[in-house]
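See below for the structure under consideration.
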Amino acid sequence: MLLGAALGAYTDNNWCMALAWFLLPRELYDHLCLHGVLAGRRRRCHVLVLAAGSQQQEIVVVGAGAAGLAAAYFAAVSGAQVKVLEKTEEAGKKVRISGGTRCNVLPSTVELPRDYFTDSSTSALRAVFSTWSLDDCHYWLSNSHEVGIKLALEEATGKWFPASNSGADVRDRLVQACRKLGVQFAFGAGLEDLRQQQGGGGWELLLQGGGREAAQRVILATGGLSYPSLGTTGDGYRLLERHGHSLHTPYAALTPLLGTHPGEAQLSGISLYEAELVAVPSSSSGGSGGGGSGGGGGKKKGGRAKAQRTAMLFTHRGYSGPAILDLSHHVVKALERQQPAPQIRAQWTGDAAADWEARLLEGGPALVPNMLRREGLPQRLAEALCLEAGVPLDRKLAELRKSERAELVAALTQYALPITGHEGYAKAEVTGGGLPLNEVDCGTLESRRLPGVHVCGELLDVFGRIGGFNFYWAFVTGRLAGLSAAEAAAAAPH
Ligand SMILES: Cc1cc2nc3c(=O)[nH]c(=O)nc-3n(C[C@H](O)[C@H](O)[C@H](O)COP(=O)(O)OP(=O)(O)OC[C@H]3O[C@@H](n4cnc5c(N)ncnc54)[C@H](O)[C@@H]3O)c2cc1C
């Protein structure tokens, strides 16, 4: 009995799994499978299939990104025979390069309405996330019987990274975990279209360049449109639309913004770490600075969004860094829909107006830009803000006029960044929009139009903010699609 279990655990050989299934008590077998000690939760299906000598049902996962790999793993661990088709020559390219190649694989906490964005219903979003907790996902990634990546928490940001700080390591372990379960991979295999087999028994997959595959169930995990250079060129969206699905119009999210810098200066290379940014609907404009539409005050109610991160960076063409990426989709969505874009207002050091007011009132012989630098503003930015606020660079604090002080405080605490556009999909970490959640069954992620086709990952109308939230979404939806597809495949008549 133990021999059977051991063989089953360390090989993906169906006969060994069959032996384990025959020899072990049912509860023990299921327990070992659930905890990843044995490689298949429903290998008994294989047993039956092997015994009958007939063909196994097959699941084809399209796309070997984070979601596709999770889907393949969980379909295989449930006993299904799984093949992954990947258009490029490599699995998990985004996993490999993500997080500056360190791969921020999960966040340490999740608060749904704050951390995820969707135009679909939030109850649907909750329903999907309720299928797998963050802790269980963390366990799956780190448990040596499953994916087995040693993870380390970056306390300051609440981000989980592999202890090796290597995205390639995460990718390799995900692929290895799949291979151990018998998942097959085909590279250079891009899906062109799907055709339902006669009698509704499954799907024929037509490949770019002419090949074909057949599958009882298909899991679409082709990602969105961001970083098209890595293979994600919106194929899945086109396919879904071709088969009658509607889409929430996709848009670039977590993308750098274009625009001039304060005082028309070139400030590229400057970073700030405590900036507080807020997106203010254009109807409530009134911040200081080049992007402002004049006037003062600004409504405090409704529609404002605060960046959850505080680091930002001046680039050659505008602005980037986590705080900017966090808010970028508000600007992109408006611009794409040809609506007035919200202002992004900066409180550069995080210090509020009253604090600056008090410091500027202290007087003394120091030059204003020097005092700003002492208080934490980079010199070039301090000078640019002075110029923009009409404060001469040789103005001493003691000589600062009331009107100058008011302009300067506004420039320091509610500067409207002069945003003119965005970097688009080429530099967007994710795609917003996509397949609305009400067009899939949220309990299985099966398409409501294409029976037997499940959809997961970035293709769906959900993205998360910076911090590991997007991989968490990819893993949750990949797992749900994989388990559901395998269960349905096993239940289907052979
Ligand atoms: C630069 C960058 C850094 C990032 N850093 C992080 C981070 O640190 N943490 C985080 O949580 N998220 C990060 N993200 C976001 C994260 O990478 C994505 O949200 C996640 O990879 C989406 O997973 P997915 O499997 O849905 O899609 P993808 O990872 O995009 O995978 C889709 C796969 O499908 C393949 N494919 C496409 N079309 C076809 C076709 N027709 N046939 C077959 N295969 C096809 C593609 O080649 C690709 O391999 C980052 C993204 C980028 C671009």
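Could you list, in sequence order, all residues of the stretch 180-195 that are of a type outside the set (A, V, I, L, M, F, W, C) and in contact (Cβ under 8 Å) with a residue 60 or more places away in the chain? Reasoning before the result, please.
At the first step, the residues of the stretch 180-195 found to be of a type outside the set (A, V, I, L, M, F, W, C) are 180, 182, 184, 188, 190, 192-193, 195.
If the condition is that a residue be of a type outside the set (A, V, I, L, M, F, W, C) and in contact (Cβ under 8 Å) with a residue 60 or more places away in the chain, then 180, 182, 184, 188, 190 are the ones that fit.
One line per residue, one yes/no per condition, for (1) closer than 30 Å to residue 438 by Cα; (2) out of contact with any Asp or Glu (no Cβ under 6 Å at 6 or more places or on another chain):
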| residue | (1), (2) |
| --- | --- |
| 109 | yes, yes |
| 113 | yes, yes |
| 131 | yes, yes |
| 139 | yes, yes |
| 150 | no, yes |
| 155 | no, yes |
| 181 | no, no |
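What do you reckon, is residue 177 at pLDDT 95 or above and crowded, with 24+ Cβ neighbours inside 10 Å?
On the way: at pLDDT 95 or above: yes; crowded, with 24+ Cβ neighbours inside 10 Å: yes.
For residue 177, the condition - at pLDDT 95 or above and crowded, with 24+ Cβ neighbours inside 10 Å - is met.
Filter the stretch 208-243 for residues that are aliphatic (A, V, I, L, M), out of contact with any helix residue (DSSP H, G or I) (no Cβ under 8 Å at 6 or more places or on another chain) and near the ligand (Cβ under 8 Å from one of its atoms) and give the result.
The one that is aliphatic (A, V, I, L, M), out of contact with any helix residue (DSSP H, G or I) (no Cβ under 8 Å at 6 or more places or on another chain) and near the ligand (Cβ under 8 Å from one of its atoms): 239.
Picking from 411, 490, which residue would you name as being modelled with pLDDT of 95 or more, touching a Gly at 6+ places or on another chain (Cβ under 9 Å) and of a type in the set (A, V, I, L, M, F, W, C)?
It is 411.
Being in contact with a Lys or Arg (Cβ under 8 Å, 6 or more places away or on another chain) and closer than 25 Å to residue 461 by Cβ narrows it down to one of 105, 110, 147, 95, so name that one.
Only one candidate qualifies: 95.
Just for the stretch 440-486: of the residues that are hydroxyl-bearing (Ser, Thr, Tyr) and farther than 27 Å from residue 328 by Cβ, which one is most open to solvent (accessible area, probe 1.4 Å)? Write out each step before concluding.
Taking the stretch 440-486 and keeping what is hydroxyl-bearing (Ser, Thr, Tyr), we get 444, 447, 472, 477, 484.
So of that shortlist, the ones also farther than 27 Å from residue 328 by Cβ come out as 444, 447, 484.
Numbers: 444: 39, 447: 8, 484: 17 Å².
Per the stated criteria, the residue is 444.
Return the total of residues in the stretch 248-269 being out of contact with any helix residue (DSSP H, G or I) (no Cβ under 6 Å at 6 or more places or on another chain) and not in a strand (DSSP E or B).
Residues in the stretch 248-269 being out of contact with any helix residue (DSSP H, G or I) (no Cβ under 6 Å at 6 or more places or on another chain) and not in a strand (DSSP E or B): 6 in total.
Pick from 245, 261: which is over 30 Å from residue 352 (Cβ atoms), open to solvent by less than 40 Å² (accessible area, probe 1.4 Å) and touching a residue at least 40 places away in the same chain (Cβ under 8 Å)?
On inspection, the qualifying residue turns out to be 245.
The values are calculated or read from the model by the stated rules, or taken from the named source; none is laboratory data. The model shown is predicted, which means the values in this text are computed figures rather than measured ones. Heads up, the Cβs are rebuilt from the backbone with ideal geometry, glycines too, and the neighbour counts pull from every protein chain shown. The protein model used for the area step is the full one, side chains on, heavy atoms only, and it has no ligands, DNA or RNA in it. Shrake-Rupley method; radii C 1.70, N 1.55, O 1.52, S 1.80 Å.
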